[in-house]
Amino acid sequence: MKINKIYFSMISLLFFLFGSSNLFAESNSGGRQIEAIIELMVALTILVVAVVLWLALVYSEKNDLEGSTLLQPLKNMIHNLTKSTPVSEESKILLDHDYDGIRELDNKIPPWFSFIFAGTILFAIAYMINYHVIGSGNVQEEEYAAEVREAALQKKMLSASGALIDEETVTFVDDPASLSEGKNIFTKNCAACHGKKGEGLVGPNLTDDYWIHGNRINDLFKTVKYGVVAKGMPTWGKQLSPTQIQEVTSYILTLHGTNPPNAKAPQGKLYEYKKPGAKTEKAGSEQEEVKKNI
Amino acid sequence: MNVEKFSYDNQSPKLFAIATIFWGVVALLVGLTIAVQLYVPALSFGLPYTTFGRLRPLHTNAAIFAFVGNAIFAGVYYSIQRISKARMYSDILSKIHFWGWQLIIVSAAVTLLSGITTSKEYAELEWPIDIAIAVVWVVFGWNMIGTLVKRREKHIYVAAWFYIATFVTVAVLHIGNSIELPVSFLKSYPVYAGVQDALVQWWYGHNAVAFFLTTPFLGLMYYYLPKAANRPVYSYKLSILHFWTLIFIYIWAGPHHLLYSALPNWAQSLGTVFSIMLWMPSWGGMLNGLLTLRGAWDKVREDPILKFMVVAVTAYGMSTFEGPTLSLKNVNAIAHFTDWIPAHVHVGTLGWNGFMTFGVLYWMIPKLFNTKLYSKKLANAHFWIGTLGIVAWVIPMWWSGITQSLMWKQFTPLGILQYPNFLETVLQIIPMYIIRSIGGLLYITGLLMLVYNLVRTMKIGSFVKNEEASAPALVLANNKPQRGMYHRWLETKPIMFSIVATVVISIGGLVEFLPTYLIKSNIPTIASVKPYTPLELQGRDVYIREGCNNCHSQLIRPFRSEVERYGEYSKAGEFVYDHPFLWGSKRTGPDLARIGGKYSNMWHYLHMQDPRQMSPGSIMPTYKWLIDSKLDVASTPAKISAMRKLGVPYPEGYENQCIADLDKQANEISDDLLNSGIVVEPETDIVALIAYLQRLGTDIKKGKIAEK
């Protein structure tokens, strides 16, 4: 019996200490909260099933467990967990109490009850030590700061990945690293049609003031990303990341006025050249104005 | 042996039982009304008396103190006489108790509908009624302990332990939480402010659940369940263990209502860990109840009374497991302020309190009338329709709570709120509100079956007003504690028992409250937080009168999603002048802690006139009478002076200046509204309310500007 007691105290102790790895004060991300709920729901389900099984066994007095060797270990375990005196022998533990006909039995406190109770007390002590002796005690302020940090980090990573860049938000970049990367991309993907220096070949000249789909970086980005399939310009959005499209379009804009040899004749409409990066380049209405001027 | 003849008083249990049934119907009908109002806001008829904000406290008070309260008294008055083998201590006290309690209920209904309220949940009643409650409660305790003292049974039975704990703790809680400074006959301010008021309120609120809805019903369970099943109680040892641990631990757990609030972290953590430790002591009661039915389960299949009791005890076990779960901070972060909490509460009230009450009534009424229950079939039908009602009530509210909470917290990949419009999250859960009200309707249908069944039972029986009984006189000679039998000895000393219980239940509250009250560092002050202006103070009282706090919290939790939605999270120092605190416990509408300056005066005016003008689809009732109702300006000096007594630093003699200041600010608002084409008298409730709303949460921003 002694071994059993130790065994069950160990199990309940481990259950509480492992199951409560973060001791349940944390609320950092929605995902973790949902996981926590699911864990709890699973624990609850297991518990309910266990209780139902246990009840079924305890109350199935018609089921003769005595003769079944298969159920003997389970029966022993249940007996060790409940220490319940069978109904047939309850006269042995019937106290002399009698209140208006109500009698009281003197069943032992179920060991499983005591183990879990002790476990919750250990949990409580561990919790207080964890947050208020080892930890600073500023539980929720620290959690909030961590949550905000995590969100800021996520945002930073997201913007570094370029996922935040699209035809609306793209801006001209002129740092040498980006432009040289842009040149690389151009050479690999664009030169075949637009010429090594952007002078135009199958595709139009990219160095003059005439554009078919506009000359703002946003326009170029859109053309590269979605392509102009009818005219043979492929859709690059699936092959180049938004950052790469930003780099290559920025590079293209730096080719303006380079007058490469063998330049192809102008195609499209005349657009007023604006130095890329200048703040004035964003409004769509300006483009309309330019068109009217022509 | 000298056998004495005496008689049991059956009149008191009968009266309380009838009152239980009557108020039960009232409480449930009010509940159904407010449940439907949540999706048919027109059901408030544009009247002040029938808005959600006033009806919801009426529902909770009627359900807890009228329905459950009378059920406790009916059950106690019947059982305590029999386990003590004595008549009630005094028939006169019984009468005072019964009629006093009913009078309190009627006055509560009248005042709550008139908007006379302290705003503190389950303690909304104003100070004269608070005093009446204290007096009548003492009458109850006096009568009950008196009966125990003159008992003929040597020991007091476990049911009575729970009755004693109920009496002493509710007395301590009620008095502790009702310490308030009267301003006028029906208006008072609590002496505590802000964080301290919140801690006291939820020490009370949580333990009102513990010692009004739980311990007395455990007492009832210990008498009526073994009686109905005719089986011995499973374990006397377990009774002792779970009784003392339950009452000791319960009292500590109040702060779990304030997790992630401005309450100091250490108090929050105590709330969490004591709630976890409360799990097994609570289950001790369930186990002793269910295991008492060992060998009687075949009876359960046939007897509707036992069926009600089994579901009641199971519901008790479920909600006392759910409770500790909800006290874990990561679960609470999701569940708090949502419909999950009413779902949790209603497992307890509809399941545990309701079904136990029905079981007791079905058992007791035939006994009082010396007959058999009119229809067992009808009681069975009541059982099934009631159970279905609970399921249809609770499950949609679980889903609704989780759904809405996750919507509140959902960010887009770009880091902005997915559902920035609060209303969108409300409209999402309307279907669940509809199902919930159907659940409520089923439950009420069951109750009406009970009414019919019991009225017929009373008709076929004949009431036994005084039930003859006899028992040997009590001889307590040589009554000394023996080794290992101390508890048995304590059971012979009802007054000593009461004193020990009082000490045990006082510890937790004191340990949590005293440091919060005495140690300054627990509530860091903020220099830019100033007292309300006279007009804002009056507006705050309009807010309290209309019960805005029943649907709107004023507490932004330190979560990114809440800071994003509502602004900087709430700090303890912001509430130092809030007598009472108005944090609220449920967000049926959005949080208002930083509503100040978010909208124009005109927006608020039009929104009160008809919320759907500004937010199509809103479920808030209209408050158009505020536009015409005159502000009670004359009460301002008395309110200022009361606030100063409570420590709010209004300068000496400000009473003479306050009305002029009030008028000045009111004129500014009415002029501003006039500029927008709205003509409104300055001295009206709407202007005061707008002034208050525009102030909310703005002080801390002024501090930031000053720092820069």
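The values are calculated or read from the model by the stated rules, or taken from the named source; none is laboratory data. Please read all numbers here as calculations on a predicted model, not as lab measurements. Don't worry about glycine lacking a Cβ; one is built from the backbone with ideal geometry, like all the others, and counts go over all protein chains shown.
Taking the stated definitions as given, is B:Ser676 among the hydroxyl-bearing types (Ser, Thr, Tyr), over 38 Å from the mean Cα position of the chain (by Cα) and either surrounded by fewer than 20 Cβ atoms within 10 Å (Cβ to Cβ) or under 18 Å from B:His579 (Cα atoms) (or both)?
yes
Please tell me if B:Arg483 is buried (at least 19 other Cβ atoms within 10 Å of the Cβ) and not aliphatic (A, V, I, L, M).
no
Which one is farthest from B:Thr169 (Cα to Cα), of the residues in the stretch B:489-524 that are among the polar types (S, T, N, Q) and surrounded by 12 or more Cβ atoms within 10 Å (Cβ to Cβ)?
Among them, the one singled out is B:Asn522.
Name the one entry in B:Phe337, B:Phe308 that is crowded, with 21+ Cβ neighbours inside 10 Å, touching a strand residue (DSSP E or B) at 6+ places or on another chain (Cβ under 8 Å) and among the aromatic types (Phe, Trp, Tyr).
After ruling out the rest, the residue left standing is B:Phe337.
Name the residues in the stretch B:202-232 that are in contact with a strand residue (DSSP E or B) (Cβ under 6 Å, 6 or more places away or on another chain) and either closer than 23 Å to B:Phe73 by Cβ or more than 10 Å from every other protein chain (Cβ to nearest Cβ) (or both), would you?
Correct list: B:Pro226 only.
Evaluate the stretch B:692-702: report whether one residue or more is over 32 Å from the mean Cα position of the chain (by Cα) and not in a helix (DSSP H, G or I).
Among the residues of the stretch B:692-702, not one is over 32 Å from the mean Cα position of the chain (by Cα) and not in a helix (DSSP H, G or I), which makes the answer no.
Across the stretch A:249-279, what is the total count of residues that are loosely packed, with under 12 Cβ neighbours inside 10 Å and assigned to a loop (DSSP other than H, G, I, E, B)?
7
Table: residues versus (1) in the same structural domain as A:Pro260 (by TED's automatic domain parsing); (2) more than 22 Å from A:Lys264 (Cβ to Cβ); (3) under 35 Å from the mean Cα position of the chain (by Cα).
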{"position": "A:Val148", "(1), (2), (3)": "no, yes, yes"}
{"position": "A:Asp166", "(1), (2), (3)": "no, yes, yes"}
{"position": "A:Thr169", "(1), (2), (3)": "no, yes, yes"}
{"position": "A:Ile185", "(1), (2), (3)": "yes, no, yes"}
{"position": "A:Lys197", "(1), (2), (3)": "yes, no, no"}
{"position": "A:Gly200", "(1), (2), (3)": "yes, no, no"}
{"position": "A:Thr207", "(1), (2), (3)": "yes, no, no"}
{"position": "A:Asn215", "(1), (2), (3)": "yes, no, no"}
{"position": "A:Asn218", "(1), (2), (3)": "yes, yes, yes"}
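Which one of B:Ile460, B:Ile438 is at pLDDT 95 or above and under 27 Å from the mean Cα position of the chain (by Cα)?
That would be B:Ile438, the only listed residue that is at pLDDT 95 or above and under 27 Å from the mean Cα position of the chain (by Cα).
Look at the stretch B:555-604 and say how many of its residues are acidic (Asp, Glu), within 14 Å of chain A (Cβ to nearest Cβ) and surrounded by 21 or more Cβ atoms within 10 Å (Cβ to Cβ).
Selection size over the stretch B:555-604: 1.
Answer with yes or no whether B:Leu258 is surrounded by 21 or more Cβ atoms within 10 Å (Cβ to Cβ) and within 8 Å of chain A (Cβ to nearest Cβ).
In short, no.
Out of the residues in the stretch A:74-119 that are more than 58 Å from the chain's Cα centre (by Cα) and among the hydroxyl-bearing types (Ser, Thr, Tyr), which is nearest to B:Arg82 (Cα to Cα)?
The extreme case among them is A:Tyr99.
When B:Ala392 is evaluated against the numbered criteria (1) buried (at least 21 other Cβ atoms within 10 Å of the Cβ); (2) at pLDDT below 95; (3) of a type in the set (Gly, Ala, Ser); (4) in contact with a Gly (Cβ under 8 Å, 6 or more places away or on another chain), which criterion, by number, is the only one it fails?
(1)
Quick check, is B:Gly75 within 26 Å of B:Phe167 (Cβ to Cβ), part of a helix (DSSP H, G or I) and more than 18 Å from the chain's Cα centre (by Cα)?
Judged against the criteria, B:Gly75 is a match.
Could you tell me whether any residue of the stretch B:91-113 is surrounded by fewer than 22 Cβ atoms within 10 Å (Cβ to Cβ) and hydroxyl-bearing (Ser, Thr, Tyr)?
Within the stretch B:91-113, one or more residues are surrounded by fewer than 22 Cβ atoms within 10 Å (Cβ to Cβ) and hydroxyl-bearing (Ser, Thr, Tyr).
Return yes when B:Ala381 is assigned to a helix (DSSP H, G or I), at pLDDT 95 or above and away from every other protein chain (no Cβ under 14 Å) and no when it is not.
So B:Ala381 passes the test.
Please go through (1) touching a residue at least 24 places away in the same chain (Cβ under 8 Å); (2) at negative phi for B:Ile131 and return the number of the only condition it doesn't satisfy.
(1)
If the requirement is being over 17 Å from B:Thr445 (Cα atoms), part of a helix (DSSP H, G or I) and more than 29 Å from the chain's Cα centre (by Cα), which of these qualifies: B:Pro366, B:Pro396, B:Pro420, B:Pro413?
After applying the criteria, what remains is B:Pro366.
Determine which member of the set A:Gln246, A:Gln287 is part of a helix (DSSP H, G or I) and either among the small types (Gly, Ala, Ser) or modelled with pLDDT of 90 or more (or both).
A:Gln246
Only one of A:Lys155, A:Lys92 is at the interface with chain B (Cβ under 7 Å from one of its Cβ atoms), of a type in the set (Lys, Arg) and in a helix (DSSP H, G or I). Can you tell me which?
Just one listed residue meets the conditions, A:Lys155.
On the given criteria, is B:Ser94 assigned to a helix (DSSP H, G or I) and touching a residue at least 12 places away in the same chain (Cβ under 8 Å)?
Judged against the criteria, B:Ser94 is a match.
Here are the criteria: (1) touching a helix residue (DSSP H, G or I) at 6+ places or on another chain (Cβ under 7 Å); (2) of a type in the set (Phe, Trp, Tyr); (3) under 30 Å from A:Glu90 (Cβ atoms); (4) within 14 Å of chain A (Cβ to nearest Cβ). Tell me which single one B:Trp266 does not satisfy.
For B:Trp266, the failing item is (3).
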